[in-house]
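The values are calculated or read from the model by the stated rules, or taken from the named source; none is laboratory data. Since the model is a prediction, treat every value here as computed from it, not as a measurement. Here the Cβ positions follow ideal geometry from the backbone for every residue, glycine too, while neighbour counts run over all protein chains shown.
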Amino acid sequence: MDKKLSETIRACRICESDELTKILDLGAQPPANSLRRNLDVLLPAIPLVLCQCDVCGTVQLTETVSPEYLFHDYVWVTGTSDGARAYSRVFCENVLSRCPAKKLAVLEVASNDGTFLQRFRERGHDVVGVDPAKNVAAMAEESGIPTIADFFGLEVARRIVADRGHSDVVFARNVIPHVADVHDVIAGMAHCLGAVGTGAIEFHRADLILEGLQYDSIYHEHLVYHSLHSIEMLLGRFGLRPFDVTESPISGGSFVVYFSNESRPPSLTYNATLVHELQLEINRARPWREFAARCNAHRGALHAIVEANKRGGKRLIGYGASARSSTMLNFCGIDRQYLDLLADRSPLKHDRYSPGTDILITDPKAAFATHPDTVLLLAWNFQDEILAQIRTEQGWSGEVIIPLPGEPKTVTI
């Protein structure tokens, strides 16, 4: 492995304490989106280890993989998900309800293909996105969303403010946990946000990861597993003041925290969420030690279900070649000897192989043309959407293994 590809942290990514304790070792795995067309291409195996800061309680990875390796040619495209497109309208309305009724300057950090900015643009607002994946940024430009193909931070923020002034809305969806130098990104957001503007950060909820056993959301792109407490602490370092929180269906359950430069009274929901996290002891070691034990038990249970299907002569495919599927397949030892194919709607993933488990990815039509008996629903966080697609678009019926949340189960559709 190229030694420059990853680096082990020596201090907490949030509070910079050097007191870190290992929680869960998911083994050495390739970065989850390392999809390749040729199996002769060797992939690096990088430790995937979860640790916790003994001082602030933030849960995080021990390894930082080079962002240039992870994001230079990204394969997740927001617009390929019906659920994400539908939610983009809800997100837009939630943000606008916390802003004055006027034409707004809107900035999105890590804007992907511009799906979420499109909703603001449709309502007449000025928008701009920043995303480091040049291939995806080009898609956004083609759809009419001005996009800066770069890694967002304070330097890029200064260029944006010099070019178009401060923004009325600055938001970052499912990116803050991905960033190695997160303080630089938050500093950039603070620099761009106007004095009375509204900011928003969406992040996968640590409480749901803990309670729902969502270990598949642990992969090298996700460096930190945030609670509302850790986000509040991070924003406070830059003078930003959180005041409200809403729930999001993305990633199996996320929070959107709203903040500003000015002081606004915290909502009842915000305060209740903080209390819930305290009751869970989300920043303490005991519940996370129990989480690790449950993860190891789940691995054995899921592998046993898949193996029993295979021994019974059934043809199995997986659905959803997501990053989270890579963690689950590698950790549970489910490779191409168990799954014939992986179905996925994103054309960017077709005719490539899953990292570490070497399963060919194809479009759903081709996958179901092989007449599988059983489907392992790896993208379980889009369960309702995908099961409806399987029934209506593929005309398929049979057994579906739902691995998470909680214990694995089998349903018939």
Any chance S251 is over 19 Å from G406 (Cα atoms) and either at pLDDT below 95 or not assigned by TED's automatic domain parsing to the domain that holds G212 (or both) | no
Filtered residues of segment 206-234 (kept if under 17 Å from V245 (Cβ atoms) and surrounded by 24 or more Cβ atoms within 10 Å (Cβ to Cβ)) | A206, I209, Y225, H226, S227, S230, I231, L234
Have a look at G194, G199, G124, G188 and point out the one that is modelled with pLDDT of 95 or more and either part of a loop (DSSP other than H, G, I, E, B) or assigned by TED's automatic domain parsing to the domain that holds P347 (or both).
-> G124
The correct count of residues that are farther than 13 Å from L316 by Cα, out of contact with any helix residue (DSSP H, G or I) (no Cβ under 7 Å at 6 or more places or on another chain) and surrounded by fewer than 21 Cβ atoms within 10 Å (Cβ to Cβ) in segment 366-388 is 5
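Tally the residues that are touching a Pro at 6+ places or on another chain (Cβ under 7 Å) and either in the same structural domain as Y219 (by TED's automatic domain parsing) or not hydrophobic (A, V, I, L, M, F, W, C) (or both), restricting the search to segment 322-339.
Within segment 322-339, residues that are touching a Pro at 6+ places or on another chain (Cβ under 7 Å) and either in the same structural domain as Y219 (by TED's automatic domain parsing) or not hydrophobic (A, V, I, L, M, F, W, C) (or both) number 1.
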Scan segment 280-305 residue by residue and report those that are crowded, with 23+ Cβ neighbours inside 10 Å and under 19 Å from L378 (Cα atoms).
-> none
Only one of these conditions is not met by S251: (1) touching a residue at least 60 places away in the same chain (Cβ under 8 Å); (2) farther than 17 Å from A172 by Cβ; (3) assigned to a helix (DSSP H, G or I). Which number is it?
-> (2)
Of the residues in segment 144-185, those that are assigned to a loop (DSSP other than H, G, I, E, B), more than 19 Å from the chain's Cα centre (by Cα) and closer than 25 Å to A206 by Cβ number 1
Criterion: in contact with a Phe, Trp or Tyr (Cβ under 6 Å, 6 or more places away or on another chain) and in the same structural domain as K103 (by TED's automatic domain parsing) - qualifying residue of R237, R205, R158 = R205
Could you tell me which numbered condition P47 fails, if it satisfies all but one of (1) part of a loop (DSSP other than H, G, I, E, B); (2) within 22 Å of I209 (Cβ to Cβ)?
-> (1)
Might you check whether a residue that is of a type outside the set (V, I, T), under 23 Å from Q29 (Cβ atoms) and out of contact with any Ser or Thr (no Cβ under 8 Å at 6 or more places or on another chain) occurs anywhere in segment 369-378?
-> yes
Of the residues in segment 130-141, those that are in contact with an Asp or Glu (Cβ under 9 Å, 6 or more places away or on another chain), surrounded by fewer than 24 Cβ atoms within 10 Å (Cβ to Cβ) and of a type outside the set (A, V, I, L, M) come to P132, K134, N135
Hits in segment 147-162 (condition: closer than 15 Å to A110 by Cβ and surrounded by fewer than 16 Cβ atoms within 10 Å (Cβ to Cβ)) = D150
What number goes with the only condition from (1) assigned to a loop (DSSP other than H, G, I, E, B); (2) touching a residue at least 40 places away in the same chain (Cβ under 8 Å) that V95 does not pass?
-> (1)
Selection from segment 180-203 of residues free of Cβ contacts under 8 Å to residues at least 60 places away in the same chain and either within 22 Å of E68 (Cβ to Cβ) or crowded, with 23+ Cβ neighbours inside 10 Å (or both) yields D181, H183, D184, I186, A187, I201, F203
Which one is nearest to I176 (Cα to Cα), of the residues in segment 1-38 that are among the basic types (K, R), outside any strand (DSSP E or B) and touching a residue at least 12 places away in the same chain (Cβ under 8 Å)?
-> R13
Scan segment 304-330 for residues that are under 24 Å from the mean Cα position of the chain (by Cα) and not in a strand (DSSP E or B) and jot them down.
-> G320, A321, S322, A323, R324, S325, S326, T327, M328, L329, N330
Could you tell me whether D340 is closer than 19 Å to L26 by Cα and of a type in the set (D, E, K, R)?
-> no
